[in-house]
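The values are calculated or read from the model by the stated rules, or taken from the named source; none is laboratory data. For clarity, every value in this text was computed on a predicted model and none was experimentally measured. Quick reminder, even Gly has a Cβ in these numbers, built from the backbone with ideal geometry, and neighbours come from all protein chains shown. Calculation scope for accessible area: heavy atoms of the full protein, side chains included, ligands and nucleic acids excluded. Shrake-Rupley method; radii C 1.70, N 1.55, O 1.52, S 1.80 Å.
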Amino acid sequence: MEVTITKENFESLKNGGQPLVVDFWATWCGPCRMVGPIISELAEQYDGKVVVGKCDVEENEDLAVEFGIRNIPTILFFKDGQVVDKLVGAQAKDKIQAKFEAML
């Protein structure tokens, strides 16, 4: 299950003990709409192993700036509170899933 990432809950999720995947997106972004269903599917598949969140860059500009998000979709992969990997732009499911696997 996906969670909505906000400035208020980000730190606790990032330091929560499980790997965290954050999809930075916006409602008007076409490629984001292509990646969204893949992220949702992987969130269900990895439920209990990886926390998966979506962060709307329009509503959470501070987080987008903090991580230098200039293009969306951008997917950041956190382990032990640190960014360990990143994907920018629309990606195939197998490529995204390989990044999930690498964190386990």
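Can you find, within the range 26-79, the residue that is farthest from Thr4 (Cα to Cα) among those that are of a type in the set (Lys, Arg) and under 14 Å from the mean Cα position of the chain (by Cα)? Result: Lys79. Taking (1) of a type outside the set (D, E, K, R); (2) open to solvent by less than 10 Å² (accessible area, probe 1.4 Å); (3) under 19 Å from Asp85 (Cα atoms) in turn, Ile38 satisfies each apart from (2). Has the range 59-82 got any residue that is surrounded by fewer than 20 Cβ atoms within 10 Å (Cβ to Cβ), in a strand (DSSP E or B) and touching a helix residue (DSSP H, G or I) at 6+ places or on another chain (Cβ under 7 Å)? Yes: one or more hits. Restricting to the range 83-104, name every residue that is assigned to a helix (DSSP H, G or I) and either open to solvent by 70 Å² or more (accessible area, probe 1.4 Å) or within 27 Å of Trp28 (Cβ to Cβ) (or both). Hits for the range 83-104 are Lys93, Asp94, Lys95, Ile96, Gln97, Lys99, Phe100, Glu101, Ala102. Scanning the range 84-98 for residues that are under 13 Å from Leu20 (Cα atoms) and over 11 Å from the mean Cα position of the chain (by Cα) yields a single hit, Val84.
If you go through the range 7-16 and keep only what is over 12 Å from Asp80 (Cα atoms) and in contact with a Gly (Cβ under 9 Å, 6 or more places away or on another chain), you end up with Asn9, Phe10. Name the residues in the range 1-34 that are touching a strand residue (DSSP E or B) at 6+ places or on another chain (Cβ under 7 Å), farther than 20 Å from Asp62 by Cβ and not in a loop (DSSP other than H, G, I, E, B), would you? Within the range 1-34, Glu2 is the sole residue that qualifies.
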